[in-house]
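The values are calculated or read from the model by the stated rules, or taken from the named source; none is laboratory data. What you see is a predicted model; the values in this text were computed from it and never measured. Every residue, glycine as well, gets a Cβ built from its backbone with ideal geometry; the counts of neighbours run over all protein chains shown. Please note that ligands, DNA and RNA were not included when accessible areas were found on the heavy atoms of the full protein model with its side chains. Shrake-Rupley method; radii C 1.70, N 1.55, O 1.52, S 1.80 Å.
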Protein chains: 2
Amino acid sequence: MAFCTMAQTVSIPKGTRDFGRTEMAERNWIFDTIKSVFRTYGYQQIETPSMENLSTLLGKYGDEGDRLLFRILNSGDAFAGLDPAKYTTEDGLDGRALASAACEKGLRYDLTVPFARYVVMHRNEITFPFKRFQIQPVWRADRPQKGRYREFYQCDVDAIGSDSLLNELELVQIVDRVFTLLGIRVAVRINNRKVLTGLAEICGAPDMVTDITVAIDKLEKIGIEKVEEELLSKGISGQAVTVIETMLGLSGTVSEKISSVRTLMNGGSASGLVSETGLKGLDETEELFALISAAGIGQSVEADFSLARGLDYYTGAIFEVKALDYPIGSICGGGRYDNLTGIFGLADTSGVGISFGADRIYDVLKALGKFPSDLASSTCILFANMGKEELKYILPAVRALRDSGVACEIYPDPVKLRRQFEYAEKRGIRFLSINGSDEAERKTLNVKRLSDGMQRQFDYDDVDGMIDFLS
Amino acid sequence: MAFCTMAQTVSIPKGTRDFGRTEMAERNWIFDTIKSVFRTYGYQQIETPSMENLSTLLGKYGDEGDRLLFRILNSGDAFAGLDPAKYTTEDGLDGRALASAACEKGLRYDLTVPFARYVVMHRNEITFPFKRFQIQPVWRADRPQKGRYREFYQCDVDAIGSDSLLNELELVQIVDRVFTLLGIRVAVRINNRKVLTGLAEICGAPDMVTDITVAIDKLEKIGIEKVEEELLSKGISGQAVTVIETMLGLSGTVSEKISSVRTLMNGGSASGLVSETGLKGLDETEELFALISAAGIGQSVEADFSLARGLDYYTGAIFEVKALDYPIGSICGGGRYDNLTGIFGLADTSGVGISFGADRIYDVLKALGKFPSDLASSTCILFANMGKEELKYILPAVRALRDSGVACEIYPDPVKLRRQFEYAEKRGIRFLSINGSDEAERKTLNVKRLSDGMQRQFDYDDVDGMIDFLS
């Protein structure tokens, strides 16, 4: 192609990406793997609109979240009929008031709030327990930086309408299976929000769950001494800090850890206080690990009572998954929540869910070189174009291969073979078929495997024979 | 679940939709079918961001299109620093100027302009000829009405960087294969823009291609007499109208039609004028039909020299596909364009493409009852929950089935069997497995086919036997 040099400089918005054929094939492999596992566990896909009413979104993600929502200008003249005087302050235009008046819709910020809205809207059509998954892009007006995008996919799976710990087990099994199929070794860490509540209770500081967990969440980053300093600075007593220290220092098997924490929760800590909530959390954790052991899990799963994620949200089990062979933070996580739809005034929808971080999983697979090598080219065989008559000769054969599911291409123009061959190379196509008048006379097709140059002749109708050779 | 009645009234924006599990399964079946065919023809998927810079989108779809773009408010205070005086007119706020100042991005309006932008931006990485497909939502601030949405999926397939008519053939083959797999009988109509140009030329009105084609495009709706009236009112001579009438009255086989039009273009019409362009268009049409006949097409394909679609855009072949058994207008269409990237100042990117109308295809399949009956439930078998010990007994077996790709569910809670059974019914699950202490003692699993009540016992490890029975 003769491209002139007059092309305008074109670009895409900051923080967004194009996905070319190779990246798409790799991303599809991740999503297809995840979806296939979701389906074997009975989860079913739903989709919600990209836009939601701002009344649905605002106030659900905190002030920071409200600021990061992408707002969509109302269609038509969004500012028609607005009185300029009302939208002007001493400092100029009143941006906040104008945005409110001119925008009724915003782009989806996550999949959780739209899911809650979906459940409330469709509660009379849904069969509970409802096991749904959803894989769609979300948008956040975050400052773009390495690994952080303004448009990215979330991949959520939730079971709602059942308190059973079997749901928690199945999510752990899904994590196990997905990462095994993707070839990523992971560690799954499990905690229970009730144990964290219990910890605050036996510290004699039941109101300070958030402060305590925010502090211990930093353990890996800043070390035990700094955590202690932070706790003391928050006004937590020295005795309580000792209790927390004991929790953080736990080691041993899952049952040993559970047993140690049970002793603490049962009055055996420095404070001597008992937490019923904490004990309940331990019972749940114990039962979940009993189920895990009955089901059999391949990847590493451990109880970690210092794990704290999305604290304000979760009420039971908490999960976090990290790759063992590549340091990139959490690649999957979630937990149980007791009131998904409470934000829309509908009580009692307990559920449990996890979210896979597709972009980070992509980065891990890329860094570890774990993508299957034949993803890049979906085309298996290129038929050379030798001219009009030869083309007509091969058309029915190519059609038969395609109808059998083999991805074939015919080079569109009868150009020099060297150029057609280069195209096959660049595209990573593994077989080449060159057929001229000889083949047409003999009613055969010639197929060459490019990796080793092995060449075979097939009867024109021998589709099965060709498929054997191509696979 | 005990839902309280306090739920807020929640809603989604006008013209948008939620897709529940059944609709998603049906839509996925359409998209998966289309994608699988695209792949066997060597087309590869790309994705572009939902947002594009407004500079990329504006002016590409005409004034109407510009008005229908969804604009995204800049993040932060979009109105900060704007001088109120500059954005106020006598009539109030200057909506157009404010929207321009406060919005830099818009939502994708179609897949063609983003594709052109993609090709220009990535021209140095792309291997030409470039065969890409793209299936993503687009947004238009159209007035919502039955069958017209503000968010809907487009499904585009294009081959660029090659003039060969083989590309046109392959698109016809793709249409043939897709609708055959979907079970929809269609008629593919083919014309060539050059023949329409030729018609205007032999009418002695080369500047009036648009008027002529707009008029004849209405033939089906308003009949030949009204078309004639319209042509005359546009100032087209009576002699020219006779020429056009002859074209519209053509019947016979493809070669007979081509031969008749060739006579007209070659000086045989009432005007006696010759059109080289028209003759070129006929040559192309003839060659394309020769290829179609060599490849073998199952669905009906006809030459229709009155077909006019996207006239300003196409330069060669024009396609339109209609369902034969359900009247809903065009469900797929496209054509050859000579300058996709010209809008961005980059010349010489000839290509040909078609677009599948997913929403209309969905409506046709729904109306004709052509969706496979087993799409709605992706879950094959429900294992009843008989309590904690029985649950542990079945877990490894269920895991083995899932790892073999069978979609299984275990009812999460040990509630009454009748409720578990109702769940299976509502979800359309076809097999039920109830295992109590007897099965555990004998190390067997009990599986019942719900359609006919047939029941079988399997050895616990006989995964293959179960899979046979389940399929």
Notebook entry, point to check: Going through segment B:427-459 one residue at a time, which ones are basic (Lys, Arg) and in contact (Cβ under 8 Å) with a residue 40 or more places away in the chain?
Noted result: B:Arg427, B:Arg430
Notebook entry, point to check: Only one of (1) more than 23 Å from B:Val188 (Cβ to Cβ); (2) open to solvent by 30 Å² or more (accessible area, probe 1.4 Å); (3) at pLDDT below 90; (4) not acidic (Asp, Glu) is not met by B:Gly223, so which one is it?
Noted result: (2)
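Table: residues versus (1) assigned to a helix (DSSP H, G or I); (2) in the same structural domain as B:Lys322 (by TED's automatic domain parsing); (3) of a type outside the set (A, V, I, L, M, F, W, C).
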| site | (1), (2), (3) |
| --- | --- |
| B:Glu168 | yes, yes, yes |
| B:Thr180 | yes, yes, yes |
| B:Ile190 | no, yes, no |
| B:Lys194 | yes, yes, yes |
| B:Gly204 | no, yes, yes |
| B:Thr210 | yes, yes, yes |
| B:Glu228 | yes, yes, yes |
Checklist line | Residue under evaluation A:Phe421, criteria (1) part of a helix (DSSP H, G or I); (2) farther than 30 Å from A:Pro129 by Cα; (3) assigned by TED's automatic domain parsing to the domain that holds A:Val188; (4) not acidic (Asp, Glu), criterion not met | finding: (3)
Notebook entry, point to check: From the list A:Gln154, A:Gln173, A:Gln136, which one is within 24 Å of A:Phe31 (Cα to Cα), in contact with a helix residue (DSSP H, G or I) (Cβ under 8 Å, 6 or more places away or on another chain), surrounded by fewer than 22 Cβ atoms within 10 Å (Cβ to Cβ) and assigned by TED's automatic domain parsing to the domain that holds A:Ser271?
Noted result: A:Gln154
Notebook entry, point to check: So which residues in segment B:38-86 are open to solvent by 30 Å² or more (accessible area, probe 1.4 Å) and more than 30 Å from A:Asp94 (Cβ to Cβ)?
Noted result: B:Arg39, B:Gly59, B:Lys60, B:Tyr61, B:Gly62, B:Asp63, B:Glu64
Note to self: Regarding segment A:134-142, can at least one residue be identified that is of a type in the set (Phe, Trp, Tyr), in contact (Cβ under 8 Å) with a residue 12 or more places away in the chain, under 22 Å from B:Pro412 (Cα atoms) and facing chain B (nearest Cβ under 9 Å)?
What the structure shows: no
Note to self: If B:Glu168 satisfies all but one of (1) crowded, with 23+ Cβ neighbours inside 10 Å; (2) more than 12 Å from chain A (Cβ to nearest Cβ), what's the number of the condition it fails?
What the structure shows: (2)
Notebook entry, point to check: In the list B:Leu346, B:Leu395, which residue meets the criterion of being open to solvent by less than 10 Å² (accessible area, probe 1.4 Å), out of contact with any Leu (no Cβ under 6 Å at 6 or more places or on another chain) and at pLDDT 95 or above?
Noted result: B:Leu395
Checklist line | From B:Val261, B:Val243, residue being assigned to a helix (DSSP H, G or I), within 18 Å of B:Cys203 (Cβ to Cβ) and under 35 Å from the mean Cα position of the chain (by Cα) | finding: B:Val261
Notebook entry, point to check: Across segment B:377-426, which residue is nearest to the other protein chains (Cβ to nearest Cβ) among those that are free of Cβ contacts under 8 Å to residues at least 40 places away in the same chain and among the polar types (S, T, N, Q)?
Noted result: B:Asn385
Notebook entry, point to check: Looking only at segment B:323-342, which residues are among the aromatic types (Phe, Trp, Tyr) and open to solvent by 40 Å² or more (accessible area, probe 1.4 Å)?
Noted result: B:Tyr326
Note to self: I'd like to check something: does segment A:198-206 contain any residue that is within 30 Å of A:Glu64 (Cα to Cα), in contact (Cβ under 8 Å) with a residue 60 or more places away in the chain, more than 10 Å from chain B (Cβ to nearest Cβ) and open to solvent by less than 20 Å² (accessible area, probe 1.4 Å)?
What the structure shows: yes
Next item on the list: Would you list the helices (runs of 4 or more DSSP H) that sit entirely within segment B:1-84 and hold 3 or more residues that are among the charged types (D, E, K, R) and not assigned by TED's automatic domain parsing to the domain that holds B:Tyr423?
Entry: B:21-40, B:62-68
Check: Counting just the residues of segment A:442-468 that are in contact with a Lys or Arg (Cβ under 6 Å, 6 or more places away or on another chain) and closer than 18 Å to A:Arg399 by Cα, which one comes out least open to solvent (accessible area, probe 1.4 Å)?
Finding: A:Val447
Next item on the list: Pick out the one residue from B:Lys131, B:Lys35, B:Lys105 that is more than 7 Å from chain A (Cβ to nearest Cβ), in contact with a strand residue (DSSP E or B) (Cβ under 6 Å, 6 or more places away or on another chain), open to solvent by 10 Å² or more (accessible area, probe 1.4 Å) and at pLDDT 90 or above.
Entry: B:Lys131
Notebook entry, point to check: If the Cβ limit is 9 Å and pairs must be 6+ apart or interchain, which residue in segment B:15-31 that is more than 7 Å from every other protein chain (Cβ to nearest Cβ) and aromatic (Phe, Trp, Tyr) pairs with which residue that is outside any helix (DSSP H, G or I) and open to solvent by less than 20 Å² (accessible area, probe 1.4 Å)?
Noted result: B:Phe31/B:Ile135; B:Phe31/B:Cys155
Note to self: Step by step: first the residues of segment A:56-78, then only those that are within 12 Å of chain B (Cβ to nearest Cβ) and of a type in the set (A, V, I, L, M), then the one that is farthest from B:Leu107 (Cα to Cα). Which residue is that?
What the structure shows: A:Leu57
Check: Among the residues of segment A:273-289, is there at least one that is touching a Ser or Thr at 6+ places or on another chain (Cβ under 6 Å) and among the β-branched types (Val, Ile, Thr)?
Finding: yes
Note to self: Condition (residue is buried (at least 16 other Cβ atoms within 10 Å of the Cβ), without any contact (Cβ under 8 Å) to a residue 60 or more places away in the chain and closer than 25 Å to A:Asp304 by Cβ) applied to segment A:360-373: is it met by at least one residue?
What the structure shows: no
Margin query: Take the residues in segment A:114-124 that are out of contact with any strand residue (DSSP E or B) (no Cβ under 8 Å at 6 or more places or on another chain) and more than 7 Å from every other protein chain (Cβ to nearest Cβ); name whichever of them is surrounded by the most Cβ atoms within 10 Å (Cβ to Cβ).
Written below: A:Ala116
Checklist line | Answer from A:Ala294, A:Ala290 - the residue that is aliphatic (A, V, I, L, M), surrounded by fewer than 17 Cβ atoms within 10 Å (Cβ to Cβ) and more than 26 Å from A:Lys221 (Cα to Cα) | finding: A:Ala290
